[in-house]
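In what follows, a structure is listed as structure tokens, so that the remarks can point back to it.
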Amino acid sequence: MGTLISPLPVPPVIKLIRPHHWIKSGFVAAPLFFTPSVVSTESVLLVALGVLCWSLVASAIYILNDWRDVERDRAHPTKCKRPLAAGTVTLPVAITLMLALAAGGLMGAWCLLPAFFIYLLVYAVLNIAYSLRLKHIAVIDVMCIALGFVLRVEAGAALIGITPSAWIVILTGLLALFLGFAKRRDDIVKTLGTDHRRSLDGYSRPFLDVVLAITLGAALVSYLIYTTDPEVQERLGTDTLFYTAPFVIYGMLRYLQLTIVKERSGSPTAVILTDKPMIATGLGWVLTFIWLMYA
């Protein structure tokens with residue numbers, strides 16, 4: 001009696017689209033979170049659908065990256081377990097899924113709001129360029145990642161019809177730069193070499209340590225200015241948001257500690273979702289922020 005083998009194993013396909021990375025799409029919801037005056041059932045539903053559309057396109061981009069990097073991934077200590085590199089998902093299935101996700105996300109975005117569609121389309125084009133060429137250019141590679149997060153915030157603001165604070169946009173970009181450079185440092189520490197990522201030829205540990213210090217300091221200052229900006233205080237209806245600063249300071253320093261001391265910054269998403277002090281700090285910040293804004 002023959003053994004029945006499924007042609008499309010569910011776990012590898014789920015792993016291929018990386019749903020745990022959808023947390024990054026949460027930046028689309030940031031403008032709504034920071035603007036209590038426009039919170040309503042309708043706006044929450046609209047933003048939730050926007051997050052879903054962004055996540056679908058992001059998953060399509062992940063598949064494209066895995067397709068492009070399949071040979072390099074096979075030589076990587078952890079990325080060799082990715083479905084395409086490991087051979088648990090075939091290339092035709094991956095390409096079909098990639099096109100379906102991209103089409104679904106973009107069409108959904110157009111139905112939500114044409115301006116949101118434009119932001120998502122720019123994000124998709126940027127990431128295609130990143131996958132094909134830009135990720136091989138040191139500094140530019142991380143700046144592309146940071147721009148992707150800024151686009152998420154701008155798109156989320158467009159969905160609810162507001163203009164985001166300049167400081168929250170700056171903070172988003174700086175935070176993304178910090179996380180991106182921390183990841184590059186992890187690549188250097190693991191001595192992956194330019195065979196895995198050509199842009200590593202333009203990085204060194206001393207350079208990245210300096211860059212991390214600069215971006216961390218700039219991000220902390222940006223957050224403090226954001227919480228004390230009169231325009232922001234008027235929009236949020238409170239002048240006490242600076243009380244959330246200790247959570248932000250500790251969270252960033254904790255991540256820096258994990259990067260330099262523990263050397264665990266290879267996957268920012270995994271660090272944020274698995275490190276207990278980071279989780280506790282994040283929850284503390286959210287709860288305190290909500291209490292100050294909505295109480």
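Values in this text are rule-based calculations from the coordinates and carry no lab data. Just so it is clear, the model here is predicted, and its values are computed rather than measured. Note that each Cβ is placed from the backbone with ideal geometry, even for glycine, and that neighbours are counted across all protein chains shown.
Between L253, T228, L200, whose Cα lies farthest towards the positive end of the dipole of the stretch 165-295 when Lys and Arg beta carbons carry +1 and Asp and Glu beta carbons carry -1, centred on the Cα centre?
It is L200, whose Cα lies furthest towards the positive end.
What percent does the relative contact order of the chain come to when contacts are Cα pairs within less than 8 Å and at least six residues apart?
17
For T238, T215, which order do you get if you count the other beta carbons within 10 Å of each Cβ and list the fewest first?
Working: T238 18, T215 23.
Exposure proxy ranking, most exposed first: T238, T215.
Could you pull the Rg and Dmax for the stretch 8-163, using just the Cα atoms, both in Å?
Cα only, the stretch 8-163: 16.3, 51 Å (Rg, Dmax).
Taking only Cα atoms and a 10 Å spring cutoff, compute GNM fluctuations for the chain and point out the largest among L241, L45, L97.
Maximum among the listed residues: L45.
Using the scaling law 2.2 N^0.38 Å as the reference, what is the normalised Cα Rg of the stretch 165-295?
So the stretch 165-295 has a normalised radius of gyration of 1.17.
For a quick check: sort W167, W67, W54 by the number of other beta carbons within 10 angstrom, fewest at the front.
Ranking W167, W67, W54 by Cβ neighbours within 10 Å, fewest first, gives W67, W167, W54.
Of V93, C80, G148, whose Cα points farthest to the positive end of the dipole of the stretch 8-163 (charges on the beta-carbon: +1 Lys, Arg; -1 Asp, Glu; origin at the Cα centre)?
C80
Considering only the other residues whose Cβ falls under 14 Å of the Cβ of T172, what net charge follows from Lys and Arg at +1 and Asp and Glu at -1?
With Lys, Arg at +1 and Asp, Glu at -1, the net is +1.
So for the chain, what are the equivalent ellipsoid semi-axes in whole Å, largest first, each being the square root of 5 times an eigenvalue of the Cα gyration tensor?
In descending order the semi-axes read 32, 25, 17 Å.
Where nothing but the Cβ of Lys and Arg (+1) and of Asp and Glu (-1) is charged, how large is the charge dipole of the chain around its Cα centre, in debye to the nearest 20?
Numbers: 24 positive and 18 negative charges, 202 e Å.
Charge dipole, the chain, about its Cα centre: 980 debye, nearest 20.
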